[in-house]
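Trainee: Just passing along the structure, written as C-alpha cells.
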Amino acid sequence: MALLETLWPLFGLHLKTPRLVLRPLRDEDIPHYVDAAASGIYERVNGHIPFPTAWAESPELGPTAARWIWENRIKSRPESWTVMFGVWSSAGEFLGSQDVAAKNFAALRTVTTGSWLRRSDQGRGLGKEMRAAVLLWCFDSLGAEVAMTSTFEWNAPSIGVSRSLGYEPNGEARLETSLGVVEREVRFRLAQERFQRPPWELRVEGHEAAAAALGIPEERGGHPARLDGGDDDGDGGGPRMS
Ligand SMILES: CC(C)(COP(=O)(O)OP(=O)(O)OC[C@H]1O[C@@H](n2cnc3c(N)ncnc32)[C@H](O)[C@@H]1OP(=O)(O)O)[C@@H](O)C(=O)NCCC(=O)NCCS
C-alpha cells in the first residue's frame, strides 16, 4: 500500500536547521499543536493580543485549531496554497507553528508568512531560525522573489525577527480586531536579494514532490538548498501575521 506522503507529497517535506525540524502538520500532530497553544503563546500587552482573534484562549481551541489546519490543507491548490509547518526541537518536542502562503505563485513569486512559538521557547532566537528556514526554502528551492509579513505595531519580537532578516517597512493598515478595537498593523517586505542569510545551511528533504504538489515545476524553482538524498554540492535539483 502506498505511504501517505506518496499520496499527499507535502507530508514528505522536511526542513532542518541547527536546532529545529519543520514539516507540514499531520493529523496526529494536532494534539501537540493544541497543547502548545494552550500552554500560552503570549501575555496580553495592555489588553492587546498578537492575533486578530484570541483563538488560543478559546474553550473551543481543539476544534478551532483542527478546522484551521484541515481548511488550509484542503484549500491548497497551485493557484492558492498555505503550508502549515509544525516546528519541533531536534529532540522532537513540539514548539510552535510556521505558515507559508501564496496566491498565484507561478506569476507573482511572492509568499506570506505567519508564526508562533509557545511562550517558554520565545526569546532564544528560534522565531528567527524558523522564519529563516522557510525563507531559505522559498527563495532557494521554490524560486520565490519576495516575502511579505505583517504584525501589530507593538509586537517587538515579531518586528525584531523581520528586521534582523532584512525585511523593509512596507506600509501599514488599521484593523478592527473586535468591535470598537482598532489596531495599527505594520507591514514588511523582503526582496530575495536583501535577505540576511543565516550562517547555517538548511537541509531539505522531499522538496521536489512537495513543489510539484504546489504546482511549481522543478525548472521554475530557484537555486536549491541542500537537498538530502541527492547531491550535496548544492546543484542537485531542485489571516496571516508574521
Ligand atoms: C514572534 C515570535 C515568533 C518571535 O520569536 P522569538 O523566538 O521570540 O524571537 P527571536 O528570539 O528569534 O528574536 C528575533 C529577533 O528579534 C529581536 N527581539 C526579540 N524580542 C524583542 C523585543 N522584545 N524587543 C526588541 N527586539 C526583540 C531579537 O533580538 C532578534 O533580533 P537579532 O537576531 O537581531 O538579535 C515569538 O515571540 C512569538 O511566538 N510571539 C507570540 C506570537 C506572535 O506574536 N506571533 C506573531 C504574530 S504577528
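Trainee: Is there a residue in the stretch 56-63 that is surrounded by 15 or more Cβ atoms within 10 Å (Cβ to Cβ) and either in a strand (DSSP E or B) or β-branched (Val, Ile, Thr) (or both)?
Mentor: The answer is no; no qualifying residue exists.
Trainee: Shifting gears a bit: For the stretch 67-101, enumerate the residues that are within 14 Å of the ligand (Cβ to nearest atom) and not in a strand (DSSP E or B).
Mentor: Listed by number, the list is empty, since nothing qualifies.
Trainee: Which of the residues spanning the stretch 9-49 are hydrophobic (A, V, I, L, M, F, W, C), away from the ligand (no atom under 15 Å from the Cβ), within 30 Å of PRO199 (Cα to Cα) and assigned to a helix (DSSP H, G or I)?
Mentor: Once the filter is applied, which keeps residues that are hydrophobic (A, V, I, L, M, F, W, C), away from the ligand (no atom under 15 Å from the Cβ), within 30 Å of PRO199 (Cα to Cα) and assigned to a helix (DSSP H, G or I), the stretch 9-49 yields LEU10, PHE11.
Quick grid of which residues meet (1) out of contact with any Leu (no Cβ under 8 Å at 6 or more places or on another chain); (2) among the β-branched types (Val, Ile, Thr); (3) more than 16 Å from TYR33 (Cα to Cα):
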site: ARG67; (1), (2), (3): yes, no, no
site: ASN72; (1), (2), (3): yes, no, no
site: GLU79; (1), (2), (3): yes, no, yes
site: VAL83; (1), (2), (3): no, yes, no
site: ALA102; (1), (2), (3): no, no, yes
site: ARG109; (1), (2), (3): yes, no, yes
site: SER115; (1), (2), (3): yes, no, no
site: ARG124; (1), (2), (3): yes, no, yes
site: VAL134; (1), (2), (3): no, yes, yes
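Trainee: Still on this structure: Would you pick out the residues in the stretch 53-72 that are of a type in the set (Lys, Arg) and either over 18 Å from TRP116 (Cβ atoms) or modelled with pLDDT under 95 (or both)?
Mentor: none
Trainee: Taking the stated definitions as given, is ARG109 under 19 Å from GLY12 (Cα atoms), of a type in the set (Lys, Arg), more than 11 Å from the ligand (Cβ to nearest atom) and surrounded by fewer than 21 Cβ atoms within 10 Å (Cβ to Cβ)?
Mentor: The answer is no for ARG109.
Trainee: Working only within the stretch 135-182, note down all residues that are among the hydroxyl-bearing types (Ser, Thr, Tyr), near the ligand (Cβ under 8 Å from one of its atoms) and in a strand (DSSP E or B).
Mentor: THR149, SER150, THR151
The values are calculated or read from the model by the stated rules, or taken from the named source; none is laboratory data. Just so it is clear, the structure is predicted and the values come from calculations on it, not from any experiment. Glycine gets a Cβ as well: all are built from the backbone with ideal geometry, and neighbour counts include every protein chain shown.
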